[in-house]
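Each value in this text was obtained by applying a stated rule to the coordinates, not by laboratory testing. All values reported here derive from a predicted model rather than from experimental measurement. Ideal geometry is used to build each Cβ from the backbone, glycine not excepted, and the neighbour counts take in all protein chains shown.
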Ligand code: SF4
């Protein structure tokens, strides 16, 4: 069987994968043992990649106004509307919204098209939601957007501090790396996070600071560094603004953190006492109205101690997206040019303009994403191209964004499916190739460029993104500039342009790869940049930066409260984030039944005291209301969030749970420098959702729910759905027939109107087609058993006596449920993650569930000790 080396398309770890097509449209996926990011490991999402390929749900041909069209007609339509709009209203009347899912070559031509030829910098990317604050913080400190660290630093650190990062769930393979370092060299782990997350389970210290107070904590650390005599005087002598920064830190209060003096002192002693310290930060730092200041507060501590750019130490931003870094390299953000060159620098602009032979290079920054969609809403932007992203769900004030796209004069969407909240609003849909079919490069969080290689043929009329853009550009009259025949050609041009950046003394220089021939590009090994005079080096250990004058800068920062203020009407602070087994809006991971089995519906974590006060019980539904939207979510009552705060995941959409679109509740406050929205510090009210009935349905086919609450997910045998409503249906059988679209099928109906209970099953030829269970209370039925039943010949809703209830799935790889693991702990006395793994296999493949297994063991042993 031929094997293709490629890269996982999910998070910024950038794990290498080995793909083996089965010749029938499917493939098997294994971790690449030779890839430096993962050395053969994959997390639950990467391990399930094979379940996400296939024709189901794919957009296979261009569409115009909902009808199938040929490529020529669709491309002509896009080119004509863009050209006419620019001619009538100017270049700034059009915009492009790109994605960290795009490959670097796709990104490069999109940026060149908009900034060099259309003549506007109105191109931004969903990476703005991910790490724009890091970009801005890096630029303030170093003059460029340079990540100083590498993954090897995590292996060699004595202390790893994780700030605003649930690494165990969001970057699981890096978390495994940190845990390995802990096992091998005793690396200490500190988690700085308002929530108790899975990452805390392997940590030595957890600082549950108040949401948005990171600047106060790191200012205190900087003051403690100075007080302890731990400043690196030599490094500081080559640093700008050190004294002002230290003075600001000395004057800062720790009160905003809500942490005890003892806990903060313990953290400071650990940090100061370990020279090899890596501070990893992620969305909890970036997605803030003070995100750039948070980044600089962290950088300040590393700069002050000279702990940067040397083995085992440094600040380290880990990106959410697979190619957020590639987007930064090509200048995919509205305020960047290309290859880390600057839109505001006339020499950079002239050089790029000459290199591209651009007729009208943009000469000022374009609209960052929140402002871009405001301009769509008020009609300043009249033609919009959205590529591989779902802003109608993911942007703050998502309902308003959805309405703005809907009202836009002309919207074109390039995607792999028409079944997204955004694609459903498009005037023109262009079918794109998906992961497994794409060919190009991506750059991960530690600057390693890896190849994504095609292992499967493109289905139907799907074409690569770079082809979409170049075909439109040619039709707009720029044939020669977009006459690429392959991604290899684009890569060579990008690498050559980076040599010009290198000539300006900038960091991003891969000109050593500009002469790669097609065979060399095809065989390109994972390569960390820069690749010019030196390869893959570290930065800033010598104190030299890319700022004018060449000195690193510290930045004085002061804590600011989140922009959205709590008030009696909106007393809760709303935090949002990812879960372990889903990715973004689930257009891919939602297709893998085993990933949906971990957490199958949207939920809100609410503190035990708040839940008691509001009368919200476990597994009841909660209605959230903010100034911008509403949601209905399942209650998870827990002490893992702080009183007065809520946490809800970002993944659910109008396609999977229309009341779970959590970004509808998030106000569009942004960081004033980076323009990154504050997605983790919204405000809202919570109250019980008064459901008269709760339902659970399984079906071999998709269902048509219309109830007040529903959430659909894939299962091995078809689909599963949670439902609820304010009023019970008059006729349960009629309701079930409509839900399953089974007007004629043989039905078995059991209803007890006195108790409000219904159980309806539909059969055909003795096989179960679908079933609905309903009751006035949340249903305590065996969901993980029932979801296997469609297609089978019996259904009871209750396990037979010899079939124990496995409980909700914890280990997605081996389908091991919580109850199975608890039984092994309690009855068989298996008290280590390894012992559970040996007995049940749980946690022995990707390892993503190991923190949760450890937490179950800890909870069970604590309970036993108390008894
Ligand atoms: S950690 Fe998981 S999701 Fe991220 S790149 Fe690796 S396998 Fe993919």
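Highest mean packing first, where packing is the average number of other Cβ atoms within 10 Å per residue, the peptides 382-392, 12-22, 248-258 line up as 382-392, 12-22, 248-258. Note on residue 517 and residue 822: the extension gain reaches 104.2 nm, defined as 0.36 nm multiplied by sequence separation minus the Cα-Cα distance.
For the range 287-361 versus the range 219-273, the inter-centroid distance based on Cα atoms is 26 Å. Summary value for the chain: 15 percent relative contact order, contacts being C-alpha pairs under 8 angstrom separated by 6+ residues. Estimated from helices alone, the mean residue ellipticity of the chain at 222 nm is -8500 deg cm²/dmol (sum of -39500 (n - 2.57) over DSSP H runs with n ≥ 4, per residue). On full extension, the segment bounded by residue 862 and residue 614 gains 86.4 nm, given 0.36 nm per residue less the C-alpha separation.
Sorted ascending by nearby beta carbons within 10 Å, beginning with the fewest, 310, 402 become 310, 402. Highest mean packing first, where packing is the average number of other Cβ atoms within 10 Å per residue, the peptides 140-148, 195-203, 540-548 line up as 140-148, 195-203, 540-548. Sorting 469, 632 by the number of Cβ atoms found within 10 Å of their own Cβ, with the fewest placed first, yields 632, 469.
For 45, 294, what ranking results if the residue with the fewest other Cβ atoms within 10 Å of its Cβ goes first?
Numbers: 45 26, 294 29.
Placing the least packed residue first, the sequence is 45, 294.
Peptides 421-429, 86-94 ranked from most to least packed give 421-429, 86-94, packing being the mean of other C-beta atoms within 10 angstrom over each peptide's residues. The distance from the alpha carbon centre of the range 115-171 to that of the range 29-46 is 22 Å, rounded to a whole number.
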